[in-house]
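Enquirer: For reference, the structure I am asking about is given below.
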């Protein structure tokens, strides 16, 4: 942001590389495998599945966690 409060457009700024580390092992899961993660893992499973053409089923457990099964 500039001194007068406007936003400056910058060109040719390189995008930093990502960490390359996944928080959850969705890529290593085979159909029938499951993992237990904190409740926000529900969203991560949905997004991973949508981007990679795989399906997950998620069920809440009683302690604030969820179990995620790879189903397809």
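The values are calculated or read from the model by the stated rules, or taken from the named source; none is laboratory data. The model shown is predicted, which means the values in this text are computed figures rather than measured ones. Methodologically, a virtual Cβ is constructed for each residue, glycine included, from the backbone with ideal geometry; neighbour enumeration extends over all protein chains shown.
Enquirer: The conditions are (1) modelled with pLDDT of 90 or more; (2) closer than 16 Å to residue 23 by Cα, and residue 55 fails exactly one of them. Which is it?
Expert: Of (1) modelled with pLDDT of 90 or more; (2) closer than 16 Å to residue 23 by Cα, only one is false for residue 55: (2).
Enquirer: Among the residues that make up region 18-29, is at least one of them surrounded by 14 or more Cβ atoms within 10 Å (Cβ to Cβ), assigned to a strand (DSSP E or B), touching a strand residue (DSSP E or B) at 6+ places or on another chain (Cβ under 6 Å) and at pLDDT 90 or above?
Expert: No.
Enquirer: Kindly indicate the residue of region 46-72 that is more than 15 Å from the chain's Cα centre (by Cα) and in a loop (DSSP other than H, G, I, E, B) and also surrounded by the fewest Cβ atoms within 10 Å (Cβ to Cβ) among those meeting that condition.
Expert: Ranking the qualifying residues of region 46-72, first place goes to 62.
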